[in-house]
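The next block holds one structure in the form of structure tokens; read it before the comments.
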Amino acid sequence: MLEAKGISKVYPDGTEALCEVSFKVPEGESCSIIGPSGCGKTSLLFIFSGILKPTSGKALIAGKEVVAPSREVALILQDYGLFPWKTVYGNVSLGLELRGYGKKERQRIVSPLLKNLGLSDFADHYPKQLSGGMKQRVGFARALALNPDVLLMDEPLSSLDALTREKLQNSLLSLWKNNRMTMLLVTHNIEEAVFLGREIIVLSSRPGRVVIVVENNKVGEVDYRTTEDFFDKCREVRSSIEYGAT
Ligand SMILES: Nc1ncnc2c1ncn2[C@@H]1O[C@H](COP(=O)(O)OP(=O)(O)OP(=O)(O)O)[C@@H](O)[C@H]1O
Ligand SMILES: [Mg+2]
């Protein structure tokens, strides 16, 4: 479904961000990407979302080279990107409106999403009236309203406190289980990578290269977070991450 084929990225100023990155994520699977700061993770997501071109190599989605943004692919960033002058409902339904969906249709899609994400009571609130965790939920709802096949996420939970973060990790896991989207999640957090990724790709420090791909078959099991297997997996990932260069 999603494939990186020898992707390298050198910025015009000569910064080498990514070097020969290759991996595959099967359809409907989730994949975490973890690696030191500056190793090219955001660059890699931008390449998959079609807003940045690789210097060499290719990003493929469903067998086709990504050359421009497409409606099947949603990108969620860390800073929510909500419009302050629109309500929660308005923010979530905007994409549908832009695509010409009528009022009834928008409601049919948006209302259950808000309910699933615990936002029904806040539909008429504005972003400034929400907590960080709620804003991020609105960000998820907005992306999901368009029913994407691929969900790309760049550190979506990193600005949240630990408890909210854990709750949203659970929400993300159930969204993934229910919708079977293909997910690519960039995170700095080892536990998060292991809790949410069927595969965990560890990148080296800049220029990012694939150090190891860790298979994580138990992902999605009830209470995975508290099992011995989970801790073993975290240890395995931790031991392959290079700290240091930032
Ligand atoms: N537009 C740009 N021009 C030049 N260099 C850039 C540009 N964007 C990013 N870089 C550089 O490319 C490298 C990779 O950046 P990128 O943002 O992809 O890293 P990252 O892994 O997402 O880092 P972080 O974990 O801190 O978010 C960094 O050294 C960064 O300074
Ligand atoms: Mg980044």
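None of the figures in this text is laboratory data; all of them are computed from the coordinates on show. Small disclaimer: the values here were computed from a predicted structure and weren't measured. Ideal geometry is used to build each Cβ from the backbone, glycine not excepted, and the neighbour counts take in all protein chains shown.
Observations, loosely collected:
- All Cα-Cα separations within the chain were binned at 10 Å from zero, giving a P(r) of 7, 31, 35, 21, 5, 0, each value a whole percent of the pairs.
- Semi-axes of the equivalent ellipsoid for the stretch 83-147, computed as √(5λ) from the eigenvalues of its C-alpha gyration tensor and ordered from largest down, come to 18, 12, 10 Å.
- Dipole magnitude of the chain, debye to nearest 20 (Cβ charges: Lys/Arg +1, Asp/Glu -1, about Cα centre): 880 debye
- A DSSP coil position with no more than 12 other Cβ atoms inside 10 Å describes none of the chymotrypsin sites (Phe, Trp or Tyr not before Pro) in the stretch 22-57.
- In the chain, a dipole from Cβ-located charges (positive for Lys and Arg, negative for Asp and Glu) runs towards its positive end, and of GLY40, SER159, VAL92 it is VAL92 whose Cα lies farthest in that direction.
- Gain on full extension, evaluated as 0.36 nm per residue between LYS5 and VAL213 minus their Cα-Cα distance, stands at 73.4 nm.
- P(r) tail fraction, the stretch 1-117 - alpha-carbon pairs more than 26 Å apart, %: 36 percent
- Degrees between helix 162-179 axis and first principal axis of the chain (Cα, 0 to 90, nearest 10): 80 degrees
- Fraction of antiparallel bridges per DSSP, the chain only, in percent to nearest 5: 50 percent
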